[in-house]
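Visitor: Sharing a structure with you now.
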Amino acid sequence: MKALMLGTAALLWLPSFLLLLYLLQVDLNYLFFLFKNISPYFWSALGISLCVGLSVVGAAWGIFITGSSLVGAAIREPRITSKNLISIIFCEAVAIYGVIVAIILQTKVEAVKPNEDGSYGLAAANAGYAILGAGSVTGWANLACGLSVGIVGSSAALSDAANSTLFVKILVVEIFASALGLFGVIIGIIMAGNASFTAQS
Amino acid sequence: MSFGEDTSEMCLFNVKDGFLEAVVRGYKLGLLSTADYNNLCQCETLEDIKLYLTGTDYGPYLANEASPMHTTTLVDCCTRKLVADWKYMRENAGEPMGRFLDYCTYGHMIDNVVLIVTGTLHERDVQELLDKCNPLGMFDAIASLAVAQNMRDLYRLVLVDTPLAPYFSENLTSEDLDEMNIEVMRNTLYKAYLDDFSSFVHGVGGTTGAVMGEMLSFEADRRALNITLNSIGTELTRDDRRKLYANFGLLYPHGQAELAVAEDFDQIRSVMEKCPPYQAIFSRLGLGESQMLDKILYEEEVRQLINTYEQQFHYGVFYAYMRLREQEIRNVMWIAECVAQDQKNRVQDGIVFTF
């Protein structure tokens, strides 16, 4: 039943939305004009804030997931604390990636004079979109990475307490998980690499 | 479970309950292993047992006991450890884990109520009965159970303020207190408790619902089996017997309908063997043997309890810890009794190994 409803919704949303726009006499040209004239500095600021904000949320989430299990398990087996700090460090690294990319993105933002009608040139618009994209990519990738490392780190702490030979094996899983954050950083830097507000077209 | 439910369980469980889950897994690491039991079986006296147990997690609780040791002191010290652990977890628990931990102890509460009522019927001293009660199932005003003359008083004076109140229905309170009715009361209360626990656990949902659902259905089936075995040849009618079975479990409803009319062990056995998981259990029982049934059921329960630790982010591990500790205390008591009575050759019969 649920599947039927979801399927109908998936098929019908687009035509219904267009019908709604037609019936409401929505002026699509004007809407596009409004969208085009949003300042690229808004998009850059949004991108940079998503980058830091989501990375920090991911890191924090991962740290509390691992930390609560680690503290509880360490009551009985205090030896696990030093090794399992690695999980916490992987989560923290995610936040650092976010800050680094945000700093890189921020250095790309330059002041540019707008045209007479208030719109910005092509280079500025492209740069704005690129910084938005780069920030988003990094942010979302780091959110997922932080969560993933956190959950695996929690299991690693509990398994290490039970059997100390397991830690290194689970660490391999964690390393793969933390690679996700690096993917986000790499793509973010590549996207922002070409962004320049003052490029000549 | 859907993807969203699964993910949110993994991501959000540790907010409130992560610390205590790790703590209970630490406690579980301190349970006695097969090697410990083998060493305990080699002990010659109760002093040796005490000495050995002082080197395990029971150390702080046994260290200050004076010799000579009795089995009851040994068991009391071990129970004190379980109670201390449970209290720590209960006090630090959020919701709904606090309610879950309380639900785990209502079974003991029912046993305590029945113990005091039966003891009062046999003119025993209230204080002596209170000492014998299970400490996990104590509540305030438990001592005033001795005052009640019939079930209506029992309910009205004492039990209406306890968590057991909803398990009393109208037809139960109109009975007088005598031997037969007390057993029926115990089993009716326990049935209502199991139904309630099962619906609570499915309300919590997720992995907790799945894991606890399995364990509770095994418990319900086990009780149905024991009720049937114990009521063969008594005056309990088939309808009454049927009313004592819980409303869930692998045997519900068809297996229970057949169990209700079973009259001897072979009929019971043929009913149970229609259910594949129980067929595996009963196949380990030789033909005509019913003494080993208890031990085999305990072993099956322990196997299921250990399996709850395979998954993370659910409450089943707490219930499992309580049950495993109780099983361990039963094992220690058996070993201590065998040693005290110099019957070391029977010691292997009564131990259910955990790992």
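Visitor: If I filter the range B:145-156 for residues that are in contact (Cβ under 8 Å) with a residue 12 or more places away in the chain, over 20 Å from B:Thr120 (Cα atoms) and either among the basic types (Lys, Arg) or surrounded by 14 or more Cβ atoms within 10 Å (Cβ to Cβ) (or both), do I get at least one hit?
Guide: Among the residues of the range B:145-156, not one is in contact (Cβ under 8 Å) with a residue 12 or more places away in the chain, over 20 Å from B:Thr120 (Cα atoms) and either among the basic types (Lys, Arg) or surrounded by 14 or more Cβ atoms within 10 Å (Cβ to Cβ) (or both), which makes the answer no.
Visitor: Among the numbered criteria (1) more than 14 Å from chain B (Cβ to nearest Cβ); (2) under 15 Å from A:Cys51 (Cβ atoms); (3) surrounded by fewer than 24 Cβ atoms within 10 Å (Cβ to Cβ), which one does A:Asn142 miss?
Guide: Unmet condition: (3).
Visitor: Of the conditions (1) within 14 Å of another protein chain (Cβ to nearest Cβ); (2) closer than 25 Å to A:Ala157 by Cα, B:Tyr58 fails just one. Which one is it?
Guide: (1)
Visitor: May I pose another question? In the range A:180-201, which residues are aromatic (Phe, Trp, Tyr) and either surrounded by 23 or more Cβ atoms within 10 Å (Cβ to Cβ) or under 21 Å from the mean Cα position of the chain (by Cα) (or both)?
Guide: A:Phe183
Visitor: Shifting gears a bit: What number of residues within the range A:26-85 satisfy the criterion of being within 14 Å of chain B (Cβ to nearest Cβ) and acidic (Asp, Glu)?
Guide: Selection size over the range A:26-85: 1.
Visitor: Can you name the number of the only condition in (1) among the polar types (S, T, N, Q); (2) more than 17 Å from B:Ala210 (Cα to Cα); (3) modelled with pLDDT of 85 or more that B:Gln348 fails?
Guide: Answer for B:Gln348: the failing condition is (3).
Visitor: Anything in the range B:50-72 that is surrounded by fewer than 18 Cβ atoms within 10 Å (Cβ to Cβ) and either in contact (Cβ under 8 Å) with a residue 60 or more places away in the chain or closer than 16 Å to B:Trp334 by Cβ (or both)? List them, or say none.
Guide: B:Tyr52, B:His70, B:Thr72
Visitor: Of all the residues that make up the range B:19-35, how many are within 8 Å of chain A (Cβ to nearest Cβ) and not small (Gly, Ala, Ser)?
Guide: Residues flagged as within 8 Å of chain A (Cβ to nearest Cβ) and not small (Gly, Ala, Ser) within the range B:19-35 amount to 7.
Visitor: Out of the range A:83-118, which residues are hydroxyl-bearing (Ser, Thr, Tyr) and surrounded by 14 or more Cβ atoms within 10 Å (Cβ to Cβ)?
Guide: A:Ser87, A:Tyr97, listed by residue number.
Visitor: Also, quick follow-up: Within the range B:193-202, track down each residue that is of a type outside the set (S, T, N, Q) and surrounded by fewer than 20 Cβ atoms within 10 Å (Cβ to Cβ).
Guide: Answer for the range B:193-202, where residues must be of a type outside the set (S, T, N, Q) and surrounded by fewer than 20 Cβ atoms within 10 Å (Cβ to Cβ): B:Asp195, B:Asp196, B:Phe200, B:His202.
Visitor: Also: Suppose the filter is at pLDDT below 95, more than 14 Å from chain B (Cβ to nearest Cβ) and more than 22 Å from the chain's Cα centre (by Cα); does A:Ala10 pass it?
Guide: yes
Visitor: Considering every residue within the range B:111-120, establish whether at least one is touching a Phe, Trp or Tyr at 6+ places or on another chain (Cβ under 7 Å), part of a helix (DSSP H, G or I) and in contact (Cβ under 8 Å) with a residue 24 or more places away in the chain. Step through it out loud before you land on a result.
Guide: To start, the set of residues in the range B:111-120 that are touching a Phe, Trp or Tyr at 6+ places or on another chain (Cβ under 7 Å) comprises none.
The answer is no, given that none of the residues of the range B:111-120 is touching a Phe, Trp or Tyr at 6+ places or on another chain (Cβ under 7 Å), part of a helix (DSSP H, G or I) and in contact (Cβ under 8 Å) with a residue 24 or more places away in the chain.
Visitor: Tell me which of these B:Lys16 doesn't satisfy, since it passes every other one: (1) surrounded by fewer than 17 Cβ atoms within 10 Å (Cβ to Cβ); (2) more than 14 Å from every other protein chain (Cβ to nearest Cβ); (3) in a helix (DSSP H, G or I).
Guide: (2)
Visitor: Just one of (1) within 14 Å of chain A (Cβ to nearest Cβ); (2) at pLDDT 95 or above trips up B:Phe355, so point out which.
Guide: (2)
Visitor: Given the residues B:Arg346, B:Arg269, B:Arg303, B:Arg325, which is the only one that is charged (D, E, K, R) and touching a Phe, Trp or Tyr at 6+ places or on another chain (Cβ under 7 Å)? I'd like the intermediate steps shown before the answer.
Guide: Numbers: B:Arg346 fails: touching a Phe, Trp or Tyr at 6+ places or on another chain (Cβ under 7 Å); B:Arg303 fails: touching a Phe, Trp or Tyr at 6+ places or on another chain (Cβ under 7 Å); B:Arg325 fails: touching a Phe, Trp or Tyr at 6+ places or on another chain (Cβ under 7 Å).
Among B:Arg346, B:Arg269, B:Arg303, B:Arg325, only B:Arg269 is charged (D, E, K, R) and touching a Phe, Trp or Tyr at 6+ places or on another chain (Cβ under 7 Å).
Visitor: Could you name every one of the helices (runs of 4 or more DSSP H) located completely within the range B:221-315 that has at least 2 residues being among the aliphatic types (A, V, I, L, M), in contact with a Gly (Cβ under 9 Å, 6 or more places away or on another chain) and surrounded by 16 or more Cβ atoms within 10 Å (Cβ to Cβ)?
Guide: B:265-272
Listed here are the residues, each with its yes/no results for (1) closer than 28 Å to B:Phe355 by Cα; (2) over 18 Å from the mean Cα position of the chain (by Cα); (3) outside any helix (DSSP H, G or I).
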{"residue": "B:Cys43", "(1), (2), (3)": "yes, yes, yes"}
{"residue": "B:Asp48", "(1), (2), (3)": "yes, yes, no"}
{"residue": "B:Leu53", "(1), (2), (3)": "yes, yes, no"}
{"residue": "B:Asp57", "(1), (2), (3)": "yes, yes, yes"}
{"residue": "B:Tyr61", "(1), (2), (3)": "yes, yes, no"}
{"residue": "B:Ser67", "(1), (2), (3)": "no, yes, yes"}
{"residue": "B:Thr73", "(1), (2), (3)": "yes, yes, no"}
{"residue": "B:Asp85", "(1), (2), (3)": "yes, no, no"}
{"residue": "B:Tyr88", "(1), (2), (3)": "yes, yes, no"}
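Visitor: If you go through the range B:203-214 one residue at a time, how many are touching a Phe, Trp or Tyr at 6+ places or on another chain (Cβ under 9 Å) and surrounded by fewer than 20 Cβ atoms within 10 Å (Cβ to Cβ)?
Guide: Qualifying residue count, the range B:203-214: 3.
Visitor: Has the range B:199-208 got at least one residue that is at pLDDT 85 or above, part of a loop (DSSP other than H, G, I, E, B) and either small (Gly, Ala, Ser) or over 22 Å from the mean Cα position of the chain (by Cα) (or both)?
Guide: Yes, there is a match, as at least one residue in the range B:199-208 is at pLDDT 85 or above, part of a loop (DSSP other than H, G, I, E, B) and either small (Gly, Ala, Ser) or over 22 Å from the mean Cα position of the chain (by Cα) (or both).
Visitor: Here are some residues: A:Ser159, A:Ser154, A:Ser148, A:Ser164. Which one is outside any helix (DSSP H, G or I) and either within 14 Å of chain B (Cβ to nearest Cβ) or modelled with pLDDT of 95 or more (or both)? Give the steps one after another, and end with the answer.
Guide: Details: A:Ser159 fails: outside any helix (DSSP H, G or I); A:Ser154 fails: outside any helix (DSSP H, G or I); A:Ser148 fails: outside any helix (DSSP H, G or I).
Being outside any helix (DSSP H, G or I) and either within 14 Å of chain B (Cβ to nearest Cβ) or modelled with pLDDT of 95 or more (or both) holds for just one of A:Ser159, A:Ser154, A:Ser148, A:Ser164, which is A:Ser164.
Visitor: Of the residues that sit in the range B:1-13 and are part of a helix (DSSP H, G or I) and either crowded, with 20+ Cβ neighbours inside 10 Å or within 12 Å of chain A (Cβ to nearest Cβ) (or both), which one is modelled with the lowest pLDDT?
Guide: It comes out as B:Asp6.
Visitor: Would you check which residues across the range A:152-179 are within 18 Å of the chain's Cα centre (by Cα) and buried (at least 19 other Cβ atoms within 10 Å of the Cβ) and list them? Steps first, answer last, please.
Guide: First, pick out the residues of the range A:152-179 that are within 18 Å of the chain's Cα centre (by Cα): A:176-179.
The answer is A:Ala177, A:Ser178.
The values are calculated or read from the model by the stated rules, or taken from the named source; none is laboratory data. Computed from a predicted model, the values in this text were never measured in an experiment. All Cβ positions, even for glycine, are placed from backbone atoms using ideal geometry, and neighbour counts span all protein chains on display.
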